[in-house]
Amino acid sequence: MHSQRSYRLRFDWGLAGARAVGEDADVVVVVDVLSFTTTLSVAVEAGAEVLPYRWNDETAARHAAERHAVLAVGRSVAGPGDLSLSPATIRANPVPRILLPSPNGSTISLLTGERGATVVGAALRNFSAVAQWIAHSPGGTVAVIAAGEKWGDGSLRPAVEDLWGAGAVIHGLQAAGLRDASPEAEASAAAFAAVEKELPARLRACASGRELIEKGFGEDVEIAAEIDRCRSVPVLSGDRFLVRGRS
């Protein structure tokens, strides 16, 4: 029942949710609005390859060097000129290949990709392009995953901005003709529709948005709030995201 297997369009939260609803899905859409997928969208828009990586530890620098990639460090430790999970740093310092560690977006992308699904990164910046690309690609079932954040004990913290981002993709897929949605997917689309006309303000006001603004990363929130301006569709190919579609 929790796999939503009787529906073609599904929704759930985090890695456990991705495993549940994405096990037999043809396409898995990963949504991590105020972190991984907005940064990903900015990077591929600038022509970069993005290598997701699960661990932000001492192995990340070695992994980046072996693949001739620039390591994106954590926001809190980034110095002047460093790339980080902050999309503003990617925009200011474009490079051809980036290693992007993330315990949420990267991990979900890599582990679902290992199961053979086509993995797509979506944010509020590119949700229409993602929906249109999927609608015109072969494949029967789509699982949309809101990455969420983590509490201090490592448990999932559902993040409303990811609910909106996932709902935006689902809304776009429904508009393109993919109607067989689970109740969970329908609820996510309804959450997006409820705030669609005021999304930038809602992003600034939500808990994750306020947290970033208070820590000095307000520009990241503004980039995430560039609603539907990006036409690039990042698709995981092996160990990296490449632009496989533009609309």
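The values are calculated or read from the model by the stated rules, or taken from the named source; none is laboratory data. Everything quoted here is computed from the prediction, not taken from an experiment. Neighbour counts run over all protein chains shown; Cβ positions are idealised from the backbone, glycine included.
On inspection, PRO158 qualifies as more than 30 Å from ARG97 (Cα to Cα), surrounded by fewer than 20 Cβ atoms within 10 Å (Cβ to Cβ) and touching a residue at least 24 places away in the same chain (Cβ under 8 Å).
Scanning the range 5-15 for residues that are within 21 Å of the chain's Cα centre (by Cα) and part of a loop (DSSP other than H, G, I, E, B) gives a single hit, ARG8. Here GLU66 fulfils each of the conditions (1) more than 15 Å from PHE241 (Cα to Cα); (2) touching a helix residue (DSSP H, G or I) at 6+ places or on another chain (Cβ under 7 Å); (3) at pLDDT 95 or above apart from (2).
Per this entry, VAL29 is counted among residues that are aliphatic (A, V, I, L, M), at pLDDT 95 or above, assigned to a strand (DSSP E or B) and surrounded by 21 or more Cβ atoms within 10 Å (Cβ to Cβ). A count restricted to the range 45-82 and to residues that are part of a helix (DSSP H, G or I), farther than 23 Å from GLY218 by Cα and not charged (D, E, K, R) stands at 6.
Pairing residues of the range 79-97 that are in contact (Cβ under 8 Å) with a residue 24 or more places away in the chain and small (Gly, Ala, Ser) with residues that are crowded, with 18+ Cβ neighbours inside 10 Å and outside any loop (DSSP other than H, G, I, E, B), at Cβ distances under 6 Å and at least 6 apart in sequence or on separate chains, gives SER86/ARG75; SER86/ASP220; ALA88/ASP220. For the range 7-36, enumerate the residues that are of a type in the set (Gly, Ala, Ser) and in contact (Cβ under 8 Å) with a residue 60 or more places away in the chain. Matches in the range 7-36: GLY14, ALA16, GLY17, ALA18, GLY22, ALA25, SER35.
From ASP220, ASP180, grab the single residue that is acidic (Asp, Glu), touching a Leu at 6+ places or on another chain (Cβ under 7 Å) and surrounded by fewer than 17 Cβ atoms within 10 Å (Cβ to Cβ).
Within the list ASP220, ASP180, the selection yields ASP180.
Condition first: under 21 Å from VAL130 (Cβ atoms) and not polar (S, T, N, Q). Can you find one or more residues in the range 63-82 that meet it? Checked the range 63-82: no residue is under 21 Å from VAL130 (Cβ atoms) and not polar (S, T, N, Q). The number of residues in the range 22-34 that are farther than 19 Å from PRO138 by Cα and over 8 Å from the mean Cα position of the chain (by Cα) comes to 1. Please state which one of SER137, SER188 is surrounded by fewer than 23 Cβ atoms within 10 Å (Cβ to Cβ) and of a type in the set (Gly, Ala, Ser). Matching residue, one of SER137, SER188: SER137. Of all residues in the range 69-96, those that are within 24 Å of ARG229 (Cβ to Cβ), modelled with pLDDT of 90 or more and in contact with a strand residue (DSSP E or B) (Cβ under 6 Å, 6 or more places away or on another chain) total 4. When you look at SER35, is it modelled with pLDDT under 95, buried (at least 20 other Cβ atoms within 10 Å of the Cβ) and closer than 22 Å to ARG202 by Cα, yes or no? Answer is yes for this residue. Any chance the range 54-66 includes a residue that's under 23 Å from THR141 (Cβ atoms) and buried (at least 18 other Cβ atoms within 10 Å of the Cβ)? Checked the range 54-66: no residue is under 23 Å from THR141 (Cβ atoms) and buried (at least 18 other Cβ atoms within 10 Å of the Cβ). How about the range 105-134: which of its residues are in a loop (DSSP other than H, G, I, E, B) and buried (at least 24 other Cβ atoms within 10 Å of the Cβ)? ALA123, LEU124, ARG125, ASN126 - these are the residues of the range 105-134 that are in a loop (DSSP other than H, G, I, E, B) and buried (at least 24 other Cβ atoms within 10 Å of the Cβ). The sole residue among ILE223, ILE213, ILE227 that is touching a Lys or Arg at 6+ places or on another chain (Cβ under 8 Å) and free of Cβ contacts under 8 Å to residues at least 12 places away in the same chain is ILE213.
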